[in-house]
Amino acid sequence: MLNQAVNILDGGMSRELEKRGAPFRQPEWSALALIETPEIVRDVHQAFIRNGAQVVTTNSYALVPFHIGEERFNQEAQLLAYRAGDMARQAVQLTGDNAQVAGSLPPLFGSYRADLFEAEHVEEIATPLIQGLAPHVDFWLNETQSLIAEPKAIKALLTKLGHDDKPLWVSFTLEDDQVTDVPRLRSGETVAEAAAEMAKIGVEAMLFNCCQPEVIESAIAAAQHVFTEAGVPNIKLGAYANAFAPQRKDAAANEDLDEVRADLTPPAYVVWAEKWVHAGASLIGGCCGIGTDHIAELSRHFTPSNIK
């Protein structure tokens, strides 16, 4: 066990749902289980908690028009977001654990696609998700963000809706194929630029997810440097990589069920996590393809700390 305290997050939802026989197809993706078999969503949350996760993230990632369609979104988004929060909260209560619930606020216009961002439509899409999740979550996790503008808009909206009393974590996805020594978001903006903006809006944590483990260490170091220089060293840093092969620049997450890298076994994933912790991360979990076995290995390896 590494004698450095970290907080263990959960792993990817989709493959754990599939393992348990949940309905799973495009375009609904992980939202289909929430619609048809929410009890399996709750079971996955419980499995992650039993394997050491101190945070479970609501299964609200696919609750956007891109996945569930405009009609269903307009009619059911807030109800489904409420259900997603409820399943996570029930899992915490049923396990008798003190795990926290992160309210997933996903990329609103499609994963990896900074070019699809439409500032004028943020409020209409994000509001029902925020309102539905709010009764159940301990903090907000604006995840898989490809550009700086979207989390800034989310922060402003949380304030407008009166839900900025809960901490905000923002997690960016990085270019898998870094061609320079300067770590970048998928938008091409630098991690340093993103960190500077996150410091300004007062996030509690900045993370990196849904990208290759190989590109994360330098991103953590870059963000750490910015926070130290800005006099805000208490902003937490974290990472939860995916287990996919590198994604092409025009890829959209969840187009297909991608093959998982055979080399990212639980022990191998811990080796990457050690690098992130040594670079300054204190929040470690997994994204797509990182399952309960990986989280159990992380939990055994690191000294858990109280996330509250």
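A short reminder: the numbers here are calculations on the coordinates, not readings from a lab. All of these numbers come straight from a predicted model, not from anything done at the bench. We place every Cβ from the backbone using ideal geometry, glycine too, and count neighbours over all the protein chains shown.
As a calculated quantity, the FRET efficiency between Ile201 and Asn74 at R0 = 25 Å, using C-beta atoms, amounts to about 0.30.
Note the per residue figure in Å³ for the convex hull of the C-alpha positions in the stretch 8-133.
100
Note on the chain: dipole from Cβ charges, positive end direction compared against Leu17, Phe48, Ala156; the farthest Cα belongs to Phe48. Restricting the trypsin sites (Lys or Arg not before Pro) of the stretch 156-251 to loop positions (DSSP other than H, G, I, E, B) with no more than 12 neighbouring Cβ atoms within 10 Å leaves Arg248, Lys249.
Using a cutoff of 8 angstrom between alpha carbon atoms and counting only pairs six or more residues apart, the relative contact order for the stretch 34-145 works out to 34 percent. For the stretch 123-133, 3J(HN,Hα) computed residue by residue from phi via the Karplus equation (6.51, -1.76, 1.60; θ = phi - 60°) reads 4, 5, 8, 6, 4, x, 5, 4, 5, x, 6 Hz, glycine and proline entered as x.
The mean sequence separation of alpha-carbon pairs under 8 Å and at least six residues apart, normalised by the residue count of the chain, gives a relative contact order of 23 percent.
Were the residues from Ala149 through Ala230 laid out at 0.36 nm apart, the gain over their Cα-Cα distance would be 27.1 nm.
Rounded to the nearest 20, the Cβ-based charge dipole of the stretch 2-304 about its Cα centre (Lys and Arg +1, Asp and Glu -1) stands at 660 debye. Would you please name the trypsin sites (Lys or Arg not before Pro) within the stretch 1-90 that are DSSP coil residues with at most 10 other C-beta atoms within 10 Å of their C-beta? Those satisfying the criteria are Arg25. The calculated FRET efficiency for the pair Arg25 and Asp181, based on their C-beta separation and a Förster distance of 35 Å, comes to about 0.30. Beta-bridge orientation, the chain: approximately 10 percent antiparallel, per DSSP, counting only bridges with both partners inside. Working from Cα pairs under 8 Å separated by at least six residues, relative contact order for the stretch 1-62 is 41 percent.
Close amide-amide hydrogen proximity is noted between Thr57 and Asp10, Ala102, each under 5 Å apart and 5 or more residues distant or on a separate chain (H modeled in the peptide plane; Pro and chain starts excluded). Taking label points 7 Å from Cα along the Cα-to-Cβ direction, Ala245 and Arg50 give a separation of 3.4 nm.
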